[in-house]
1. With respect to residue 186, is the statement that it is farther than 17 Å from residue 21 by Cβ and among the polar types (S, T, N, Q) true?
2. Of the residues that make up segment 141-153, is at least one touching a Phe, Trp or Tyr at 6+ places or on another chain (Cβ under 9 Å) and within 16 Å of the ligand (Cβ to nearest atom)?
3. Determine whether segment 38-45 contains at least one residue that is small (Gly, Ala, Ser), at negative phi and in contact with a Phe, Trp or Tyr (Cβ under 6 Å, 6 or more places away or on another chain).
4. Tell me, yes or no, whether segment 71-85 has at least one residue that is over 30 Å from residue 278 (Cβ atoms), more than 20 Å from the chain's Cα centre (by Cα) and surrounded by fewer than 13 Cβ atoms within 10 Å (Cβ to Cβ).
5. Residue 228: more than 12 Å from the chain's Cα centre (by Cα) and at pLDDT 95 or above, yes or no?
6. Kindly list, by first and then second residue, each pair from a residue in segment 214-230 that is among the basic types (Lys, Arg) to a residue that is assigned to a helix (DSSP H, G or I) and within 12 Å of the ligand (Cβ to nearest atom), limited to pairs with Cβ atoms under 7 Å and residues at least 6 apart or on different chains.
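The values are calculated or read from the model by the stated rules, or taken from the named source; none is laboratory data. Here the structure is a predicted model, which is why all the values come from computation and not from measurement. Cβ sites come from the backbone with ideal geometry, for glycine too, and all protein chains shown count toward neighbours.
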Amino acid sequence: MITRFAPSPTGPLHLGHAFSALLAHDMARAADGMFLLRIEDIDQSRARPEWERQIFADLKWLGLDWPKPVMRQSDRLGVYHDALQQLWQRGLLYPCHCTRRDIAAALSAPQEGVDPAIGPDGPVYPGTCRPTGGTSGDLPKDAVLRLNMARVLEVIGSAKLAFAEQGQGPEGQTGTIALSHAEAVQGIGDIVLSRRDMGTSYHLSVVLDDTAQGITHVVRGQDLFEATKIHILLQRLLDLPTPTYHHHRLIRDENGKRLAKRDDARAIARFRDDGATPDDIRRMVGL
Ligand code: GLU
């Protein structure tokens, strides 16, 4: 078993991160496997070296260890570009020039009638920039690239899309989780696969990186359960293996709100400075 913890160095790790990292680590150790770390720093406008250093320090203090050097997404932009190039040549991507406001306006147009579905990345894209014919020429630079979901499903054909859930989704989903073509079109739609100024996206990078690291079990929060449906689609398209998924409960504050990066009060470093021990942290997250 190979598990991983994949934080973004954009703020302090809080109790929710501690739970995720400890669980992934404990599962690998119990199976005599390996726990890996990956730094998800494709958003260079928000990633900071000092947060990365703090992540290493917090995880070490919690008693975790991992093989070095760690994988860092900012070192892998060429890998992401090659995958985009391949998808572009297969006619599965198109450039999109819509602003958020354009999308909101298209979705609220009276002729649409029904409320827009909300997918893993927000409102399902109304298709404004989707080409009717094929795309040609070189992979556009510095453009937002969307996945043409209808074409993707043509390519996938009748093959079943599913993943094994060992934990639970937010509504208790477990076991084999299937994704129908209708749900892919109506509930996910033409998601962004490459952001301007980033040259990739969370979804594309995460599937390529999980494969490159040989991850067999993806352990992460239930907030990413729906995103997994995108990940299994991309794995199928790019001929990558689908790991087993283990989505875990989220750590909430006393009002039931999910912890966020700005929740400094629950930062691991804060608890440590206040005299907590790593075992106290384990108890606080229910491990
Ligand atoms: N980097 C993501 C985050 O910090 C986690 C990605 C994942 O576990 O797939 O929320």
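1. Yes: the conditions hold for residue 186.
2. Among the residues of segment 141-153, not one is touching a Phe, Trp or Tyr at 6+ places or on another chain (Cβ under 9 Å) and within 16 Å of the ligand (Cβ to nearest atom), which makes the answer no.
3. Taking every residue of segment 38-45 in turn, none turns out to be small (Gly, Ala, Ser), at negative phi and in contact with a Phe, Trp or Tyr (Cβ under 6 Å, 6 or more places away or on another chain).
4. The answer is no, given that none of the residues of segment 71-85 is over 30 Å from residue 278 (Cβ atoms), more than 20 Å from the chain's Cα centre (by Cα) and surrounded by fewer than 13 Cβ atoms within 10 Å (Cβ to Cβ).
5. No; evaluated as a whole, the condition is false for this residue.
6. 220/20
For (1) part of a loop (DSSP other than H, G, I, E, B); (2) on the phi < 0 side of the Ramachandran plot; (3) modelled with pLDDT of 90 or more, each residue gets a yes or a no:
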position: 78; (1), (2), (3): no, yes, yes
position: 84; (1), (2), (3): no, yes, yes
position: 88; (1), (2), (3): no, yes, yes
position: 111; (1), (2), (3): no, yes, no
position: 126; (1), (2), (3): yes, yes, yes
position: 134; (1), (2), (3): yes, yes, no
position: 139; (1), (2), (3): yes, yes, yes
position: 142; (1), (2), (3): yes, no, no
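One line per residue, one yes/no per condition, for (1) more than 12 Å from the ligand (Cβ to nearest atom); (2) among the hydrophobic types (A, V, I, L, M, F, W, C); (3) under 20 Å from residue 286 (Cα atoms); (4) modelled with pLDDT of 95 or more:
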| position | (1), (2), (3), (4) |
| --- | --- |
| 14 | no, no, yes, no |
| 33 | yes, no, no, yes |
| 47 | no, yes, no, yes |
| 51 | no, yes, no, yes |
| 65 | yes, no, no, yes |
| 94 | yes, no, no, yes |
